[in-house]
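Heads up, the thing below is written out as structure tokens.
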Number of protein chains: 4
Amino acid sequence: EDRPVLFAGPCAVESFDICMEIGSKTKEWAERNGFSYVFKASFDKANRTSSNSFRSIGMDKSLEVLQRVGKELDVPLVTDIHESYQAKDVAEVVDVLQIPAFLCRQTDLLLAAAETGKAVKIKRGQFMAPEDMQYAVSKVRAAGNDNVCLTERGYSLGYHNLVVDMRSLPTMRQYAPVVFDVTHSVQQPGGQGGSSGGQRQFAPFLARAAAATGIDGFFIETHPEPSKALSDGPNLVPLDKMEGFLEMLKEAWEMGRKYADFSV
Amino acid sequence: EDRPVLFAGPCAVESFDICMEIGSKTKEWAERNGFSYVFKASFDKANRTSSNSFRSIGMDKSLEVLQRVGKELDVPLVTDIHESYQAKDVAEVVDVLQIPAFLCRQTDLLLAAAETGKAVKIKRGQFMAPEDMQYAVSKVRAAGNDNVCLTERGYSLGYHNLVVDMRSLPTMRQYAPVVFDVTHSVQQPGGQGGSSGGQRQFAPFLARAAAATGIDGFFIETHPEPSKALSDGPNLVPLDKMEGFLEMLKEAWEMGRKYADFSV
Amino acid sequence: EDRPVLFAGPCAVESFDICMEIGSKTKEWAERNGFSYVFKASFDKANRTSSNSFRSIGMDKSLEVLQRVGKELDVPLVTDIHESYQAKDVAEVVDVLQIPAFLCRQTDLLLAAAETGKAVKIKRGQFMAPEDMQYAVSKVRAAGNDNVCLTERGYSLGYHNLVVDMRSLPTMRQYAPVVFDVTHSVQQPGGQGGSSGGQRQFAPFLARAAAATGIDGFFIETHPEPSKALSDGPNLVPLDKMEGFLEMLKEAWEMGRKYADFSV
Amino acid sequence: EDRPVLFAGPCAVESFDICMEIGSKTKEWAERNGFSYVFKASFDKANRTSSNSFRSIGMDKSLEVLQRVGKELDVPLVTDIHESYQAKDVAEVVDVLQIPAFLCRQTDLLLAAAETGKAVKIKRGQFMAPEDMQYAVSKVRAAGNDNVCLTERGYSLGYHNLVVDMRSLPTMRQYAPVVFDVTHSVQQPGGQGGSSGGQRQFAPFLARAAAATGIDGFFIETHPEPSKALSDGPNLVPLDKMEGFLEMLKEAWEMGRKYADFSV
């Protein structure tokens, strides 16, 4: 059966309670709309613009929270790793290891992730031509791991600005399933002085557009109070909008899949 | 009633017969799928990469053909003008004057078009921020003409390449109705040495994506034999694909309109 | 003898007195530093962001002022034209016809300029790959006019921002002599809402860098009171800095020419 | 005394003999032209496009070679690190730790480098606005290490292409000394299918231009037989051109420094 995947959750593991609030509601809405749901939260924000920004409640503590959330909600988990030494420990907790966009060319990190046997989700670098992502996929496959997908999250269009080149979605689908990252695609890197800004208002437009091309899944960060989120607040989808967002996305996705193979 | 507009036809006025072949079929398919149809053809390709390329069968002859096509098919007409002196004569034949993308900042041209009283369709320059198109619209309105729309056709993303920033569609809809140019959005300027290349294979993906954002119309160039078209062959939609293309587009458009006001 | 050309003057023909003040001083400093001087001023700002901005004191009046300035100072003149019908009249007054960047692909305008027999100076479009400027040069040469040069003024690097790709200078010198436009290279198109902004502070850095590559001339707009200039104030070089600017530029230019043919 | 720094050597530690051949000649030419010389070679190419490309002769072996070269030539050493665990071991051998461009936002890597007490040289990411590099510098300084410099190596201008925005040099010099990377600035990422291409022919032009802005040093990779180099062959400066290159660079640098504070 053909169902879209939804990777969603808070940006960072802020606390068990917030993770549960977000995860339980999102799971319900996701399932009602026919998405396969994977809970997402970062255990460490390792590349914040400034070192004064929030990073983590601690790696061990974060992983523990993630594990509890996964069990309580009975859902698979995804989180991102930043150095190869983290792969093994993190893989004991989560089902999908995400490779951050800046790191999509780091061979050791890709290999370490691949060797855990868990699924590997690679974000396209903001500087990478879509067709060059085939080499990142090949690095994972060459390590014997075929469970790999790619994620689109915007390309540098001048300073402090990203553009989503929708051509990248069908291009990358030649190599692996493709997920659209709704939240980071409307980020404005470094656009607020010492931190990144965002344009939440464009999220529904870009999400529908990406869905319409015919893809495999979506990645959305959400929070009950975006202005209090410890990172990426300006580009999060508010939790109270998620239900409607998923309904809309499902309809757009169905149209996109129906015509995904229409060629001229 | 809310219907999408379709501006479509050959790139250039090649001959009366080709115009009629394209126009009659496209009109039928457009109407069957609920589009308001406007026949499009250029009377002069005034900015070809090289002066060895085809320009025109002659301005007077082209306008005469256009006029006959409009009458025979009973459809409105659109064509583009390049210098202000052309506005008046052309306006006697067509219903919509199109301002080419490179020329979207030329005040005299915008004013000359506005003053004819005909509708003015302005293409966003490949170098213009979406929000700056409000000034082009204001120039037309200040001349007393409120019948103006904007067209998206891609932004320069490095040399010989364009990207469609889907954010530009809702941004420009704040100022005027917005049309998506399917054909030139997959152009590769100067990408074939002395002429422009194209990536027809991406046309259905970008067209669905643009439609999904919720817009007002589409612009498509088509030809029964794209490889023999006198310009823009690599990015035209083949005529025998147009029927399916319009069916698909209508469905994508309906989904896009349904959610055009969904905000987060 | 190998001398750099300097095209310099106010952005627009504001008045005879201002033209004379700027022209007489600039001529003196240019000659003292070994530049061939050409007085520059626009008779019409035909593509302002907003139609509320200053355009002109009138085309006829402007040309008359230009002519008087040329005679009084005994210097050649350059100005820009925007539609083909202007070429002939303007060519009766000036020695060099400049084709604006947005219009560098308009075949009729290039031909009309070429056919006057006057020198033709073509600005590279903010959207044109450097190597594609060869076709603009060819259009002029094909009309029998060999007196053509190219000008660099920055490429679109995202919205409201230009970058000077210094590779464009040696690339374009393969086709024709190359002039660096100091003033518009630090423009920020539409960067101030309804008008363009600028980053005057970078002008000396970019000018030295361009000179160091080994080029043929420079284009600089200047004004005794930039904040009162009727256009492009934020990116003008103040007149009281021009003497030092030209001294610096001459030294950079000499170094650049010395090594222009050094290859690896 | 004000002298430019020269970081130069082969791209990778290919062998002791090649390192000595390159290092001994480059040292001689560097000193003759007044540069402070630092020998450069990578012990591991950790982010090659494809995993089939050469990476390393082994980390331990490479560091051993580097150490011998440093002693024999009596010169300081620079090499790049890719994960934080490498910082300490590598710092025992080299004097300057280089942070790769893709990794310039990885807080842990910056901190690990800073904490060794060695000099830290950070390359600007191909996706980072120049002014945002101040945060990378701050991360190092906040760890108590003031010996930090920045390096320019081009910004993404569309796919498979980099542009050097010369404005970044004076912008980044507000935060730390700035080095221009001649070799990677003419790289074409992924431009040759499974590996990166290069445009060596532009290296002298960009190097003179960067020097003319007024900077602190240069980074150049060189090889006696570029076509046999194990990485970055298409953009290396051939060893037999280095003497002339350094002479030229010194002259351009002197001009640039003379006018570095000229403002308008």
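The values are calculated or read from the model by the stated rules, or taken from the named source; none is laboratory data. Keep in mind it's a predicted model, so treat the numbers as computed, not measured. A quick note on method: Cβ atoms are made from the backbone with ideal geometry, for glycine too, and the neighbour counts reach across all protein chains shown. These area figures cover heavy atoms from the full protein model, side chains too; ligands, DNA and RNA do not enter into them. Shrake-Rupley method; radii C 1.70, N 1.55, O 1.52, S 1.80 Å.
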| task | Might you check whether a residue that is touching an Asp or Glu at 6+ places or on another chain (Cβ under 8 Å), of a type in the set (A, V, I, L, M) and closer than 19 Å to D:Arg32 by Cα occurs anywhere in region D:251-258? | result | yes
| note | Note on region B:212-237: residues over 15 Å from the mean Cα position of the chain (by Cα), at pLDDT 95 or above and open to solvent by less than 20 Å² (accessible area, probe 1.4 Å) are B:Ala212, B:Thr213, B:Gly214
| remark: A careful count of residues in region A:133-149 that are under 30 Å from C:Leu157 (Cβ atoms), without any contact (Cβ under 8 Å) to a residue 40 or more places away in the chain and either open to solvent by 10 Å² or more (accessible area, probe 1.4 Å) or small (Gly, Ala, Ser) (or both) gives 2
| request: Filter region D:121-131 down to the residues that are out of contact with any Leu (no Cβ under 6 Å at 6 or more places or on another chain) and not in a loop (DSSP other than H, G, I, E, B), then identify the one that is surrounded by the fewest Cβ atoms within 10 Å (Cβ to Cβ). | output: D:Glu131
| Residues of region D:150-170 satisfying the condition of being farther than 25 Å from B:Ser156 by Cα and open to solvent by 20 Å² or more (accessible area, probe 1.4 Å) | D:Pro170
| Top-ranked residue in region D:132-162 [being among the small types (Gly, Ala, Ser) and in a loop (DSSP other than H, G, I, E, B); ranked as nearest to the other protein chains (Cβ to nearest Cβ)] | D:Gly158
| Residues located in region D:78-129, provided they are closer than 30 Å to C:Leu162 by Cβ and of a type in the set (A, V, I, L, M) | D:Ile99, D:Ala101, D:Leu103, D:Ile122, D:Met128, D:Ala129
| Looking at D:Lys118, D:Lys123, which is the one that is under 28 Å from A:Gly191 (Cβ atoms) and within 17 Å of the chain's Cα centre (by Cα)? | D:Lys123
| query | What number of residues in region B:192-209 are touching a helix residue (DSSP H, G or I) at 6+ places or on another chain (Cβ under 7 Å) and assigned to a loop (DSSP other than H, G, I, E, B)? | reply | 2
| field | Residues satisfying the stated conditions in region C:210-250, i.e. at the interface with chain D (Cβ under 7 Å from one of its Cβ atoms), assigned to a helix (DSSP H, G or I) and touching a Lys or Arg at 6+ places or on another chain (Cβ under 8 Å) | value | C:Ala212, C:Thr213, C:Met248
| What is the one condition in (1) facing chain C (nearest Cβ under 8 Å); (2) open to solvent by less than 20 Å² (accessible area, probe 1.4 Å); (3) small (Gly, Ala, Ser) that B:Ala114 does not satisfy? | (1)
| remark: A careful count of residues in region B:32-59 that are closer than 17 Å to B:Ala8 by Cα, surrounded by 15 or more Cβ atoms within 10 Å (Cβ to Cβ) and not aromatic (Phe, Trp, Tyr) gives 9
| field | C:Ala143 more than 27 Å from B:Gln187 (Cβ to Cβ) and either under 17 Å from the mean Cα position of the chain (by Cα) or modelled with pLDDT of 95 or more (or both) | value | no
| message | Here's a check for you: in region A:101-111, which residue that is open to solvent by 10 Å² or more (accessible area, probe 1.4 Å) and in contact with a helix residue (DSSP H, G or I) (Cβ under 9 Å, 6 or more places away or on another chain) is farthest from A:Asn145 (Cα to Cα)? | response | A:Phe102
| In this structure, is C:Thr49 at pLDDT 95 or above, of a type in the set (Ser, Thr, Tyr) and touching a helix residue (DSSP H, G or I) at 6+ places or on another chain (Cβ under 9 Å)? | no
| task | Please verify whether region C:60-68 includes one or more residues that are buried (at least 23 other Cβ atoms within 10 Å of the Cβ), over 25 Å from C:Met128 (Cβ atoms), away from chain B (no Cβ under 14 Å) and touching a strand residue (DSSP E or B) at 6+ places or on another chain (Cβ under 7 Å). | result | yes
| Quick one: is D:Gly125 free of Cβ contacts under 8 Å to residues at least 12 places away in the same chain, under 20 Å from A:Gly154 (Cβ atoms) and not hydrophobic (A, V, I, L, M, F, W, C)? | no
| request: Filter region D:35-74 for residues that are free of Cβ contacts under 8 Å to residues at least 40 places away in the same chain and aromatic (Phe, Trp, Tyr) and give the result. | output: D:Tyr37, D:Phe39
| message | of a type in the set (Val, Ile, Thr), without any contact (Cβ under 8 Å) to a residue 40 or more places away in the chain and open to solvent by 10 Å² or more (accessible area, probe 1.4 Å): is that true of C:Val93 in this structure? | response | yes
| request: Provide a single number: the residues in region D:173-195 that are within 18 Å of the chain's Cα centre (by Cα) and either crowded, with 22+ Cβ neighbours inside 10 Å or within 7 Å of another protein chain (Cβ to nearest Cβ) (or both). | output: 12
| field | Criterion violated by A:Ala129 - all others in (1) more than 14 Å from chain C (Cβ to nearest Cβ); (2) touching a strand residue (DSSP E or B) at 6+ places or on another chain (Cβ under 7 Å) satisfied | value | (2)
| message | Looking at (1) within 14 Å of chain B (Cβ to nearest Cβ); (2) closer than 16 Å to D:Phe245 by Cα, which one does D:Pro204 not meet, given that it meets all the others? | response | (1)
